[in-house]
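Notes for the one structure printed next.
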Amino acid sequence: MGGKFYQLRFWMTLFMSVLALYILYSSKEQAAAPPDILFILLGLLFVVMGNYFKTIRPNYFLGIRSPWTLENEQIWRKTHSFAGTLWLVGGMVIVLTGLLLSGSLMMVVFVTVTLIIGLVPYVYSYLQFKQKQITDS
């Protein structure tokens, strides 16, 4: 993946650092900062990851690593192109709802979007694999 790997590593390190500062601030002040900030940060992480999904080459460490994507490079590319768009949109939805909503409604949106962006690409990779089996037969 060349430079993309190092860029992604930088963004992940930056995200974890900001998250650690958030935790330190919350513990020092003896009161949690608004949880909306945490949801916004996680949404931004999804946006960044979704942006990189389209450029990730097949590997065993990063990405949608289902048996079907690891077996076939074409399925890997299709799945990650689809998942990248899905994660990008899902992250934007989380950020926007983090800015506009709060409380339990925000939690419901976050969990729903996270489940969708986690499960749908996995199912999509399976469907692509089955479709490839049919066309190869």
>> So for region 15-137, averaging the separation of alpha carbon pairs under 8 Å that are six or more residues apart and normalising by length, what relative contact order in percent results?
In response: 29 percent
> So what is the calculated 222 nm ellipticity per residue for the chain, using -39500 (n - 2.57) for each DSSP H run with n of 4 or more, over all residues, to the nearest 500 deg cm²/dmol?
Replying inline: -28500 deg cm²/dmol
> Ordered by residue, what ³J(HN,Hα) values in Hz, to whole numbers, does region 113-125 give under the Karplus form 6.51 cos²θ - 1.76 cosθ + 1.60, where θ = phi - 60° and Gly and Pro are x?
Replying inline: 5, 5, 4, 5, 6, x, 8, 4, x, 5, 5, 4, 5
> For the chain, what is the charge dipole size about the Cα centre, in debye to the nearest 20, if Lys and Arg each add +1 at the Cβ and Asp and Glu each add -1 at the Cβ?
Replying inline: 380 debye
> Given R₀ = 41 Å, FRET efficiency for Val123-Tyr25 by Cβ-Cβ distance, to 0.05?
Replying inline: 0.60
>> What distance in nm separates the two pseudo spin-label positions at Asp36 and Lys4, each 7 Å out from Cα along the beta-carbon direction?
In response: 3.5 nm
> What does the accessible area per residue of the chain come to in Å², with a 1.4 Å probe and no ligands, DNA or RNA counted?
Replying inline: 63 Å²
> Taking Cα atoms, how many degrees apart are the long axis of helix 73-100 and the longest axis of the chain, rounded to 10 and kept between 0 and 90?
Replying inline: 20 degrees
>> Out of the total accessible area of region 1-127 (probe 1.4 Å, heavy atoms of protein only), what percent is carbon and sulfur?
In response: 72 percent
>> Cut-off under 19 Å on the C-alpha distance; same-chain residues fewer than 8 positions from Lys130 excluded. Which aspartates and glutamates are left, in chain and number order?
In response: Glu71, Glu73
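The values are calculated or read from the model by the stated rules, or taken from the named source; none is laboratory data. All figures in this text were calculated on a predicted structure; none of them were measured in a lab. We place every Cβ from the backbone using ideal geometry, glycine too, and count neighbours over all the protein chains shown. We work out accessible area using only protein heavy atoms, side chains counted, and drop any ligands, DNA or RNA first. Shrake-Rupley method; radii C 1.70, N 1.55, O 1.52, S 1.80 Å.
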